[in-house]
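> Sharing a structure, written as structure tokens. Questions coming.
The values are calculated or read from the model by the stated rules, or taken from the named source; none is laboratory data. The model shown is predicted, which means the values in this text are computed figures rather than measured ones. Methodologically, a virtual Cβ is constructed for each residue, glycine included, from the backbone with ideal geometry; neighbour enumeration extends over all protein chains shown. When the accessible area is computed, the model is the full protein with side chains, heavy atoms only, and any ligands, DNA or RNA have been set aside. Shrake-Rupley method; radii C 1.70, N 1.55, O 1.52, S 1.80 Å.
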Amino acid sequence: MIKNYFKIAWRNLVKNKALSFINIGGLSVGMAVAMLIGLWIWDELSFNTYHQNYDHIAQVLLNQTQSGNINTEYGIPAGVGAELRKSYGDNFKYVAMSSFPSHHVLAAGENKVSSSGSFMDADAPKLFSLKMIEGSGNFLADPSSILLSESLSKSLFGNAVCIDKMVTLDNGKSFKVTGVYEDPPANTSLYLKKVSFIGPWSYYAVKLLPNWVFNAWGWDCAQLFVQVTDHADMAQVSAKIKNAVYAKANSADRKSRPALLLYPMSKWHLYQYKDGVLVWGKMQYVWLFGMIGIFVLLLACINFMNLSTARSEKRAKEVGIRKAVGSLRGQLIKQFFCESFLIATLSFMLSVLLALAAIPWFNDVSGKQVSILWDKPLFWVAGIGFTIFTGIIAGSYPAFYLSSFKPVKVLKGTFKAGPLAAIPRKVLVVVQFTVSIVLIIATIVVFKQIEFAENRPVGYSKDGLVNIAMMNDDLHKQFSAFRNDLLGSGAVTEVAESTDPVTGDGNNVAGLQWSGKDPGMADDFGIVSVTPEYGKTVGWQFAAGRDFSRQFLTDSNSIVLNEAAVEYMGLKKPVGETVRMNNNNYTVIGVVKNMVMNSPYEPVKQTIFNINKGMGGFLNIKINPNASAHRALRKIEAAFKNYSPSIPFSYKFADQDYAKKFEGEEQIGKLARFFAALAIFISCLGLFGMASFMAEQRVKEIGVRKVLGASVFGLWRLMSKDFVIMVVISLCVAMPVAWWTMYNWLQNYTYRTGLSWWVFAISGFGALVITLLTISYQSIKAAMANPVRSLRSE
């Protein structure tokens, strides 16, 4: 019997090819979109689960209050690790100090690789449960040991076993390889992906940090990771260690009220600290795309239900005949459900193929490495469960409503579905277009926000500006000769050193004194040390005063402030003011316009620029605008290798580096645009099917009207009116919903665009145009049909 039900269902699908194609196509596209979104969400939620003790690992952060604002810092004083072991050891299984990731040159024989790494405590491999490919035991116990990632090991040694082999770091210290660990997967936190090697903290603490740092409780120079004991409560342990730094700090450092806290690994990727409170970060996008996935599925289901119920009304006579020859109601219910389940099953199978075809493109756009979770029971449960659910929902109307018809009424021709039968379909169409219009508006606002931030004045010239990280002091020692060679080549216009690249400001300074400062104020400034040529190289813009110059010997004790620093300090006439910093007096010689060095969505931080008295760390090179960039880079590389032959030449263009700051939002925008387009496509499929059905239903009415003199335009207007009314209702519902949603989303950005009226106007007009274009084909086709054909049986 079941076989017979499916055979009849298949015949009905083949008989109504157009509606079957719309039904299966629309539902499969909706399922495929939901599948891709589900894979994206799964990847986001499974971040860092690679680590076995994921729920017990945390990073120790430091809250500091400055000018009434709470800033959460990733850097902590170097002595915190020892203090936690000593005073709070019962709460932790592992405590691992770590340096910040930094680039170094590693050499093994003739092979040299520039890579990023950190120096960590011996507990780090166990804390992060690194999966070792080679080596065993306490990998970092020896201050001359080093761990390599699998990819870095292959770059240095190929496929050879490298345990106990030597690696030279920055042409200086040699380390013995004691272990090789598996590269973490792509969905591991950014910090660990940056680390390609791990050196011993004991070496870093003794050789690269001065002794006084371990007693300087106001100097945040390291990172700290911990694993709490198995039965410890993370929040309670965080509360216990809160005052560990405050208790050790001096009176000056206590002004900022330093407070330690634990940042659980489970929150690293999706949450962030704002004003000292853990809030949503990327979690907002998980919810956003989750809702989009549900809505797109809803649109597909609405199409399925609308077309199924619309088509089922044409089968009233079939139901009447079946009942007249003895079919039971239960058998009819089973028949309709079988048809519904067949369509839903075919749609699911097609959706898997569509998702497989789209995954390479999806990964490229989203920056992910997702794949179908064939081995996850959750995937099959969700897929099969949704197929069954859709089949039940879409098949319920024809199954229970049509099977209740009285065969006498149906066969006598007295049965009519009535005007109320169309109301549920109209409501569903309104819901469909409400969702689609909200997605259109949201997509436009996302791109408007990105464009707003991209067009923000950055305060310097990015064009032709090249940043080069210096791995050793070769270039610093010979900076003048190196600079003169480049200037003489005509390839560049200026060269300067700085402690930070122009697209990032990572150093801070506090405890400054200036005229008019509130004695109780806990200050905080960004600081960039530069050579006198820096301003000409980056093209910063002066609001007052002058630039640094080698002609003024006093400039070694001078500083330049940005406008944010002047406002922060409350200086009316900053040029000539004296600022005491690090027990030295500095004279303000100039004020530059704010330079966007960090997030383009946030206010510029108050920043001080002073003359560099040591190695800068970064070279800033301005390519001559009249020279070919390719040829200029070849000349820069030749000079670089001449003065620093042991270091691989590597560079970054400032404009490309700055553009990377928008990658996250641009990926979200592209995905939102893609999903919005599919939502519109699915909605239009449904409209096309509904218009086709209505044209078929009203074919005789159209024939009569045409015989009586109705024009094609008049008939088109008659058939379009109902759909236009439904879209207008959708607009009235969608616009306030979209405004409220996007207004709250924009509040996450300090530097943000506004919600312009034209966004809503374009979205509304576009929805109306798309609707009219979709239904016009069927409407005009019906209006132009020969009325003789539709009325010849009357």
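> Report ³J(HN,Hα) in whole Hz for each residue of the range 224-232, in order, from the Karplus equation J = 6.51 cos²θ - 1.76 cosθ + 1.60 where θ = phi - 60°; Gly and Pro get x.
9, 10, 9, 10, 6, 5, 4, 9, 7
> List the residues whose amide H sits under 5 Å from the amide H of TYR586, counting only those 5 or more places along or on another chain, with H placed 1.01 Å from N in the peptide plane.
Residues meeting the amide H criterion: VAL579, ARG580, MET581.
> Determine the principal axes of the Cα atoms in the range 417-503, then give the extent along each, sorted from largest to smallest and rounded to whole angstroms.
The Cα atoms of the range 417-503 stretch 92, 25, 20 Å along their principal axes.
> Would you pull out the residues with amide H under 5 Å of THR188's amide H, same chain only if 5 or more places away, H placed 1.01 Å from N?
Placed amide hydrogens put ASN48 under 5 Å from THR188.
> Ordering TRP287, TRP380 from largest to smallest accessible area (1.4 angstrom probe), what's the sequence?
Output order, biggest surface exposure first: TRP287, TRP380.
> Apply the membrane-span-like helix rule to the chain: whole DSSP H runs, Cα extent along the own long axis of at least 30 Å, mean Kyte-Doolittle hydropathy at least 1.0. List the helices found.
On the way: long enough: 17-45 (41 Å, 1.31); 283-313 (45 Å, 1.20); 329-366 (52 Å, 1.09); 377-400 (33 Å, 1.39); 423-454 (47 Å, 1.57); 663-697 (51 Å, 0.78); 712-746 (47 Å, 1.26); 757-783 (38 Å, 1.31).
TM-like helix candidates: 17-45, 283-313, 329-366, 377-400, 423-454, 712-746, 757-783.
> Hey, if you put +1 on the Cβ of every Lys and Arg and -1 on every Asp and Glu Cβ in the chain, which of PHE362, MET726, ASN744 ends up farthest toward the positive end of that dipole?
It is MET726.
> Now, a different point. What dipole magnitude, in Debye to the nearest 20, does the chain give about its Cα centre under +1 on Lys/Arg Cβ and -1 on Asp/Glu Cβ?
Working: 78 positive and 56 negative charges, 941 e Å.
My answer is approximately 4520 debye.
> Turning to a different aspect of this structure: Set Lys and Arg Cβ to +1 and Asp and Glu Cβ to -1, take the dipole of the chain about its Cα centre, and tell me which of ALA300, MET31, ILE702 lies farthest positive.
ILE702
> How high is the relative contact order of the chain? Use alpha-carbon pairs under 8 Å, at least six apart in sequence, and give a whole percent.
Relative contact order, the chain: 15 percent.
> Quick check: at a probe of 1.4 Å, how many percent of the accessible area of the chain sits on carbon and sulfur atoms?
58 percent
> Around ASN624, with a cut-off of 11 angstrom between Cβ atoms, what is the net charge of the other residues, counting Lys and Arg +1 and Asp and Glu -1? Show your work: numbers first, answer last.
Working: positive: LYS622, ARG631, LYS635; negative: GLU494.
Charge balance near ASN624 sits at +2.
> Tell me which residues come under 5 Å, amide H to amide H, from VAL592 once H is placed; ignore anything under 5 positions away on its chain.
Long-range HN contacts for VAL592: ALA543, LEU561, ASN562, GLU563.
> Could I ask something else about it? Provide the net charge surrounding SER196, with neighbours chosen by a C-beta distance below 13 Å and charges set as Lys +1, Arg +1, Asp -1, Glu -1.
Neighbour charge sum, excluding SER196 itself: 0.
> With θ set to phi - 60° and the Karplus curve 6.51 cos²θ - 1.76 cosθ + 1.60, what are the ³J(HN,Hα) couplings of the range 196-213 in order, to the nearest whole Hz, using x for Gly and Pro?
Each residue's phi maps through the Karplus curve to give 9, 8, 10, x, x, 4, 4, 5, 4, 5, 7, 8, 10, 10, x, 4, 5, 4 Hz.
> A further question follows. What lysines sit close enough to LYS267 to cross-link, taking a C-alpha to C-alpha distance under 16 Å and skipping anything fewer than 8 places away on the same chain?
Within the straight-line cut-off, LYS267 pairs with LYS282.
> Express the relative contact order of the range 191-278 as a whole percentage, based on alpha carbon pairs under 8 Å and six or more residues apart in sequence.
Numbers: 38 pairs, mean separation 19.8, N = 88.
The normalised contact order for the range 191-278 reaches 22 percent.
> From the Cα trace of the range 495-576, what convex hull volume per residue do you get, rounded to a whole Å³?
For the range 495-576, the hull spanned by Cα atoms encloses 109 Å³ per residue.
> Under the Kirkwood approximation for Rh and a Cα-based Rg, what ratio Rg/Rh is obtained for the range 651-762?
Taking Rg over the Kirkwood Rh, I get 1.21.
> Within the P(r) computed for the range 131-176, what percentage of the Cα pairs occupies the region above 14 Å?
50 percent
> Right, here's the next one. For the chain, divide the Cα radius of gyration by the Kirkwood radius and give the resulting Rg/Rh value with two decimals.
Details: Rg = 34.1 Å, Rh = 31.5 Å.
For the chain, the value is 1.08.
> Provide the net charge surrounding LEU260, with neighbours chosen by a C-beta distance below 15 Å and charges set as Lys +1, Arg +1, Asp -1, Glu -1. Could the numbers behind the result be given before it?
On the way: positive: ARG85, LYS86, LYS240, LYS242, LYS248, ARG254, ARG257; negative: GLU73, GLU83, ASP220, ASP253.
Around LEU260, the charge tally is +3.
> Oh, and also: Kindly sort PHE119, PHE337 by accessible area of their heavy atoms, largest first, with the probe set to 1.4 Å.
On the way: PHE119 5, PHE337 35 Å².
Largest to smallest exposure gives the sequence PHE337, PHE119.
> Something else: Hey, what does the equivalent ellipsoid look like for the range 545-617, semi-axes from the Cα gyration tensor as sqrt of 5 times each eigenvalue, largest first, whole Å?
Equivalent ellipsoid semi-axes, largest first: 21, 16, 12 Å.
> Using Cα positions and a limit of under 26 Å, work out the lysines in reach of LYS207, with same-chain residues fewer than 8 apart set aside.
Counting by Cα, and skipping residues close in sequence, LYS207 has these lysines nearby: LYS86, LYS112, LYS126, LYS165, LYS173, LYS176, LYS193, LYS194, LYS248, LYS477, LYS613.
> Please tell me the relative contact order of the range 567-611 in percent, rounded to the nearest whole number, where contacts are Cα pairs under 8 Å and at least six residues apart.
26 percent
> State in Å² the accessible area per residue of the chain; use a 1.4 Å probe, count heavy atoms of protein chains only, and round to the nearest integer. Could the numbers behind the result be given before it?
On the way: 36530 Å² over 794 residues.
Here the per-residue accessible area is 46 Å².
> What number, rounded to the nearest 500 deg cm²/dmol, is the helix-based mean residue ellipticity at 222 nm of the chain, given -39500 (n - 2.57) per DSSP H run of at least four residues and division by all its residues?
Per the formula, -15500 deg cm²/dmol.
> Okay, moving on. Ordering ARG673, ARG546 by how much accessible area each has at a 1.4 Å probe, largest first, what is the list?
From most accessible down to least: ARG673, ARG546.
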